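The values are calculated or read from the model by the stated rules, or taken from the named source; none is laboratory data. The model shown is predicted, which means the values in this text are computed figures rather than measured ones. Backbone-built Cβ (ideal geometry, glycine too); neighbour counts: all protein chains shown. Accessible surface is based on the protein model in full, side chains and every heavy atom, while ligands, DNA and RNA are left aside. Shrake-Rupley method; radii C 1.70, N 1.55, O 1.52, S 1.80 Å.
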Amino acid sequence: MVYCLFEDKVHDFLPLVHLRPVFDLTCGVLTLRQKWEKALPGNRIRIAVREELHEFRARPDLLAESNAGSSDGIWLINGRFFPDADLRAILRKEPRTSKIFVSGDAVVAASLRAGDLRTVFSGWSSGLPDFSLLPGIRREEIPARALSNFWDLIRLNAGEISSDIILLKKDLRGVKPKNYPGAHFVKGVGIFTGKRSVIKPGVVIDAENGPVIIGSDVTIMPNAVILGPAAIGNGATIKIGAKIYGGTTIGDHCKVGGEVEASVMLPWSNKQHEGFLGHSYLASWVNIGADTNTSDLKNTYGPVSIVRRGKKVDTGMQFLGLTMGDHSKSGINVMFDTGTVIGVCCNVFGAGLPPKEIPSFSWGGAGKFAAYDPEKGFEVMKIVMARRNVRPGEEYERTVREVFARTVSDREIAGIR
């Protein structure tokens, strides 16, 4: 069978999806796309994404009208839904007729014959399916679990780390404490490590409250403490004396020190020094300066709100810290308020609390922000990536440049020019 993940509700996941599809966000150990690949083994997972994601549009596995596949039909799957058992059971059945499965007002999945497939992609130039073009197709309500907003990624992360164990069970290798003299393991049966990883003396890894999954080529320096559920990606470095609390996912090649709780860092981001990062989500190529701290709980203990295009939005979350887009940075000693959201290619520095909403390509601190010259932003981006021997492709650079143009109105609303 042919399966294709598609995006919807993209706006609710900004700024984290300016440079990636919604289903390439990590929740737990895996991205949503990786969860589906594990849940449907042996099947090629195609993708349908927004036109502006040029790097992904160029991929050969993109579903397009010219290669939509098979006269027998195809399964379209909403990529922000989780591959739970009931949904997997539905998707493993060979579709005989076109049918749309919904949860509330959201399309969860659709089995479409070739003609209906062409129709659903014909109305938009966005590259995404428009199911309103198929009013006559039968719809069936099913129970399904999904991400609704970016803060769900933080809220659900701890539970997804434990759930991903089931999808990863064939890939995981239990830790052998005797290979790490001087390190301490609590409930070692819940600790897993990849090849060539180094766990130094004095390290404490505690899986009593959930598994700890350590990838390959990871270095955990002396006296670091990691409490499960937690996941450490391939090639990551955990610095001396780091304190990693449960519900935390550290992506591939990240460097992390200080105190981190219930947070997600996507690959290639750094928080190397002291300072607290709590209930936060950092995209890729982020750098958090020394002694930067995030507030993740209001003094009133009430629900945290964010600001979206100048308007308050109640998240319903009691704990919510910083959300920061790709290639953004904070200077030393920066303090972030609860529910702060920062876009792509921002540079935040100085004393005092910065605004809770900082649009993409903004430069400044609590006193004043200005638009960040995109050419300077691209220059810094390339320098940072080159230090890790990564070179951005032309399509990736084009996408970043277009973020600047698409977010002009965001900066104008915030009074940034």
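If you check THR237, THR219, which single one turns out to be of a type in the set (S, T, N, Q) and within 22 Å of ASP326 (Cα to Cα)? Can you show your working first?
On the way: THR219 fails: within 22 Å of ASP326 (Cα to Cα).
None of the other options fit; the residue is THR237.
A quick yes/no check of all residues on (1) modelled with pLDDT of 85 or more; (2) part of a strand (DSSP E or B); (3) surrounded by 19 or more Cβ atoms within 10 Å (Cβ to Cβ):
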position: ALA110; (1), (2), (3): yes, yes, yes
position: ARG118; (1), (2), (3): no, no, no
position: SER122; (1), (2), (3): no, no, no
position: SER132; (1), (2), (3): yes, no, no
position: PRO143; (1), (2), (3): yes, no, no
Scope segment 19-52; condition in a loop (DSSP other than H, G, I, E, B) and under 19 Å from the mean Cα position of the chain (by Cα); matching residues: LEU19, ARG20, PRO21, LEU25, CYS27, GLY28, VAL29, LEU30, VAL49, ARG50, GLU52
Residues within segment 283-296 that are under 14 Å from PRO354 (Cβ atoms) and without any contact (Cβ under 8 Å) to a residue 60 or more places away in the chain, tallied: 5
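Restricted to segment 168-196, and to residues that are touching a helix residue (DSSP H, G or I) at 6+ places or on another chain (Cβ under 8 Å) and more than 30 Å from PRO41 (Cβ to Cβ), which residue is most open to solvent (accessible area, probe 1.4 Å)?
Step one: of segment 168-196, the residues touching a helix residue (DSSP H, G or I) at 6+ places or on another chain (Cβ under 8 Å) are 168, 172, 174-175, 177, 183, 185, 188.
Going one step further and asking which of them are more than 30 Å from PRO41 (Cβ to Cβ), we end up with 177, 183, 185.
Numbers: PRO177: 67, ALA183: 17, PHE185: 45 Å².
It comes out as PRO177.
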Selection from segment 297-330 of residues that are assigned to a loop (DSSP other than H, G, I, E, B), open to solvent by 20 Å² or more (accessible area, probe 1.4 Å) and in contact (Cβ under 8 Å) with a residue 24 or more places away in the chain: LYS298, ARG309, GLY310
Count - residues of segment 206-219 that are free of Cβ contacts under 8 Å to residues at least 24 places away in the same chain, in a strand (DSSP E or B) and crowded, with 18+ Cβ neighbours inside 10 Å: 2
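Does GLY202 satisfy the criteria of being in a loop (DSSP other than H, G, I, E, B), in contact (Cβ under 8 Å) with a residue 40 or more places away in the chain, of a type in the set (Gly, Ala, Ser) and on the phi > 0 side of the Ramachandran plot?
Numbers: in a loop (DSSP other than H, G, I, E, B): yes; in contact (Cβ under 8 Å) with a residue 40 or more places away in the chain: no; of a type in the set (Gly, Ala, Ser): yes; on the phi > 0 side of the Ramachandran plot: yes.
Criteria not met by GLY202.
Can you tell me which residue is farthest from LEU112 (Cα to Cα) among those in segment 73-97 that are open to solvent by less than 20 Å² (accessible area, probe 1.4 Å) and more than 26 Å from the chain's Cα centre (by Cα)? Let's see the steps before the verdict.
Narrowing segment 73-97 to residues open to solvent by less than 20 Å² (accessible area, probe 1.4 Å): 73-83, 87, 91, 95.
From what's left, more than 26 Å from the chain's Cα centre (by Cα): 73-74, 95.
Values: GLY73: 5, ILE74: 6, PRO95: 8 Å.
Only one residue fits best here, namely PRO95.
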Enumeration of residues in segment 271-285 that are open to solvent by 10 Å² or more (accessible area, probe 1.4 Å) and assigned to a strand (DSSP E or B): PHE276
Selected residue (only one of PHE349, PHE336 is surrounded by fewer than 18 Cβ atoms within 10 Å (Cβ to Cβ) and either closer than 22 Å to GLY28 by Cβ or out of contact with any Cys (no Cβ under 9 Å at 6 or more places or on another chain) (or both)): PHE349
Residues of segment 226-254 that turn out to be part of a strand (DSSP E or B), under 23 Å from TRP151 (Cα atoms) and open to solvent by 20 Å² or more (accessible area, probe 1.4 Å), as a count: 2
Residue selected from segment 286-296 under the condition in a loop (DSSP other than H, G, I, E, B) and of a type outside the set (Gly, Ala, Ser), by the criterion farthest from HIS273 (Cα to Cα): ASP296
Checking ASN223 against (1) in contact with a Gly (Cβ under 6 Å, 6 or more places away or on another chain); (2) farther than 20 Å from LYS239 by Cα; (3) open to solvent by 30 Å² or more (accessible area, probe 1.4 Å), the condition it does not meet: (2)
